[in-house]
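Asker: To start, I am sharing the structure in question, which I have written as structure tokens.
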């Protein structure tokens, strides 16, 4: 079965918006090298991936349903599942700032 070539510019705007929102949901920042941050990043990606998988399964099971609100729903889920861990970029910036920016905590 041959599939006709369909460039993204020919897709309806709600579809391209949904694709963009899915990409945003799955694009979580790399965690710092701390084990807790790595675990938190994996949990976050797992939550978001499960949400996207459920949405796509729902769309595949109900081909006549409208998708005009789905991108907004995905972005709403992103807001409900924010990044709460230290990212690699933050860790790198702290290291570049030097120890004088972050004094040692003494007990």
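Asker: Can you compute the FRET efficiency between residue 81 and residue 23 using 1/(1 + (r/R0)^6), with r the Cβ-Cβ distance and R0 = 25 Å? Round to the nearest 0.05. Don't skip to the answer; put the middle values down first.
Answerer: On the way: r = 15 Å, r/R0 = 0.62.
Efficiency computed from Cβ-Cβ geometry: 0.95.
Asker: To continue, here is another question. Can you give me the angle between helix 35-61 and the longest principal axis of the chain, using Cα atoms only, in degrees from 0 to 90, rounded to the nearest 10?
Answerer: With rounding to tens, the tilt is 10 degrees.
Asker: Let a ≥ b ≥ c be the square roots of the eigenvalues of the Cα gyration tensor of the chain; is it rounded (a/c under 1.5), or, if not, prolate (a/b larger than b/c) or oblate?
Answerer: Numbers: a/c = 3.26, a/b = 2.55, b/c = 1.28.
Prolate.
Asker: Can you give me the angle between helix 13-26 and the longest principal axis of the chain, using Cα atoms only, in degrees from 0 to 90, rounded to the nearest 10?
Answerer: 30
Asker: Test of understanding: in a Gaussian network model of the chain with alpha carbons linked when under 10 Å, which of 47, 55, 11 would top the mean-square fluctuation ranking?
Answerer: With Cα springs under 10 Å in the chain, the top fluctuation among 47, 55, 11 is at 11.
Asker: So what's the angle, to the nearest 10 degrees on a 0 to 90 scale, between helix 70-80 and the longest Cα principal axis of the chain?
Answerer: Tilt of helix 70-80: around 20 degrees.
Asker: Okay, moving on. For each of 43, 48, count neighbouring Cβ atoms within 10 Å of the residue's Cβ, then give the residues from fewest to most.
Answerer: Least to most surrounded, the residues fall as 43, 48.
Each value in this text was obtained by applying a stated rule to the coordinates, not by laboratory testing. The shown structure was predicted, so the numbers you read here are calculated from the model rather than taken from an experiment. Neighbour counts are summed over all protein chains in view; Cβ atoms, including those assigned to glycine, are modelled from backbone coordinates with ideal geometry.
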